[in-house]
C-alpha cells in the first residue's frame, strides 16, 4: 500500500470542516486517504456557504469519507476513530488533524490537555514533543498545554533534555540538517539576568544544557546546544540562520513569535510517535467559521508535509 493520510475534522463548530471542503476542492486527496468527518455537518456547511468550491469540495470528499460513522460526529469521536485507523496500519498511514476546541473536548469527557498528549498516550510513548515548523523557524516546546503559573514547577532538566534531543534528531531526520545548532531559551526575561530575575536558568536550564552536551558527545551526535538564551533576541538570531531550531520553555514563548512569522504556512508536528502526525498551526477560529473566509494555507502545508514524510519513511 502506498502511504496514505487520515484526516480528522476537528471541532465541527470551527473551521476544520471548511478546510476539508477546501482540500477536496483543491484536489489534494489521493487514493487510500481517509477523511473522518460527519457528513450531515458537511452537507449543512455546503448549503450555508452556497459556493461552487464548497459544492465541488464535498463531492470530492465523499469517496474518502470513512463509512459507518455517525452523520453528526463530535470532535472527540473523529479524533478517536482517526487514531484507530492510523494505528491499524502505522507507519503506512499518517495523521493530519484539524484544530479541536479543548474546552469543548473536556466537556465531552476528553481527559487530555490537547492532541499531542492524547496521541502520545494512544501510541504508548513517553518521549514526545510538539514541534512548530516553517521555512525559517523551528521551535520545540519543553512544556506544552499548561497554565502559565504551573510552568516553573513542571520545568525540569529531564523535560528540557527530552525536547531538545527530539528536536536534534528531528532536524536531522525530517529536515536533512546533519549538524544542527540548537538554542535553548531561558524561562525568565533576559534569561534571568544572572539570577536577578529568576533562578531557573541556573538551577534547571543550565544543568539540562550540560546534560545535552554530554549526550551529544557520548552518542556521537554532531549537534551543539547553546543557552540559556534571552527569548526576545534568540528568535531574530534563529530567523537569520544562527540556529537551526530553538527549545522554548512554555507554549506562548515559542508559539507567539512562530505564528507572527508562520501563521499561514506553519505546521505543527508531533515528534516521537511511531507514525507521522501534523496539524495546522492555528486554532478552531470559531469566530469566522462558516463564512468561507478561512485561509487553508497552513492546513494544506500540514497535508503536504505529512504526505512527503510518510513517503520518505516508506522508502527508508
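The values are calculated or read from the model by the stated rules, or taken from the named source; none is laboratory data. None of the values given here were measured: they were computed from a predicted structure. Heads up, the Cβs are rebuilt from the backbone with ideal geometry, glycines too, and the neighbour counts pull from every protein chain shown.
Identify, please: which residue in the range 30-41 is surrounded by fewer than 19 Cβ atoms within 10 Å (Cβ to Cβ) and in contact with a strand residue (DSSP E or B) (Cβ under 9 Å, 6 or more places away or on another chain) and is, among those, nearest to residue 107 (Cα to Cα)? So, considering only residues that are surrounded by fewer than 19 Cβ atoms within 10 Å (Cβ to Cβ) and in contact with a strand residue (DSSP E or B) (Cβ under 9 Å, 6 or more places away or on another chain), the one nearest to residue 107 (Cα to Cα) is 39. Does any residue of the range 207-214 turn out to be crowded, with 16+ Cβ neighbours inside 10 Å, within 23 Å of the chain's Cα centre (by Cα) and under 18 Å from residue 250 (Cα atoms)? No. Tallying residues that are part of a helix (DSSP H, G or I) and either more than 24 Å from the chain's Cα centre (by Cα) or touching a residue at least 24 places away in the same chain (Cβ under 8 Å) (or both) within the range 173-206 yields 13.
Given the condition out of contact with any strand residue (DSSP E or B) (no Cβ under 7 Å at 6 or more places or on another chain), closer than 26 Å to residue 191 by Cβ and not assigned by TED's automatic domain parsing to the domain that holds residue 97, answer yes or no: does some residue in the range 263-274 qualify? Checked against the condition, which is being out of contact with any strand residue (DSSP E or B) (no Cβ under 7 Å at 6 or more places or on another chain), closer than 26 Å to residue 191 by Cβ and not assigned by TED's automatic domain parsing to the domain that holds residue 97, the range 263-274 yields no hits at all. Right, residue 43: modelled with pLDDT under 95 and more than 20 Å from the chain's Cα centre (by Cα) or not? No; evaluated as a whole, the condition is false for this residue. Kindly evaluate residue 166 against the criterion of being touching a helix residue (DSSP H, G or I) at 6+ places or on another chain (Cβ under 6 Å) and not assigned by TED's automatic domain parsing to the domain that holds residue 304. Here the answer is no, as residue 166 does not meet what is asked. Note on the range 119-145: among residues that are crowded, with 16+ Cβ neighbours inside 10 Å and part of a loop (DSSP other than H, G, I, E, B), the one that is modelled with the lowest pLDDT is 144.
Results for (1) touching a residue at least 12 places away in the same chain (Cβ under 8 Å); (2) surrounded by fewer than 17 Cβ atoms within 10 Å (Cβ to Cβ), shown as yes or no for each residue.
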{"residue": "6", "(1), (2)": "yes, no"}
{"residue": "43", "(1), (2)": "yes, yes"}
{"residue": "49", "(1), (2)": "yes, no"}
{"residue": "77", "(1), (2)": "no, no"}
{"residue": "81", "(1), (2)": "yes, no"}
{"residue": "92", "(1), (2)": "yes, yes"}
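Among what's in the range 94-118 and is touching a residue at least 40 places away in the same chain (Cβ under 8 Å) and either part of a loop (DSSP other than H, G, I, E, B) or surrounded by fewer than 21 Cβ atoms within 10 Å (Cβ to Cβ) (or both), pick the residue that is farthest from the chain's Cα centre (by Cα). Top of the filtered list is 104. Against the test of being at pLDDT 95 or above and either surrounded by fewer than 18 Cβ atoms within 10 Å (Cβ to Cβ) or under 25 Å from residue 292 (Cα atoms) (or both), the options 60, 71 yield a single qualifying residue, 60. The number of residues in the range 292-316 being touching a residue at least 60 places away in the same chain (Cβ under 8 Å), loosely packed, with under 14 Cβ neighbours inside 10 Å and more than 26 Å from residue 88 (Cα to Cα) comes to 0. Criterion first (in a helix (DSSP H, G or I) and within 22 Å of residue 143 (Cβ to Cβ)) does residue 256 satisfy it? Spelling it out, residue 256 is indeed in a helix (DSSP H, G or I) and within 22 Å of residue 143 (Cβ to Cβ).
Residues that are closer than 24 Å to residue 122 by Cβ and surrounded by fewer than 19 Cβ atoms within 10 Å (Cβ to Cβ) do not occur anywhere in the range 258-273. Residues in the range 224-244 that are at positive phi and either crowded, with 21+ Cβ neighbours inside 10 Å or outside the structural domain of residue 197 (by TED's automatic domain parsing) (or both): 227 alone.
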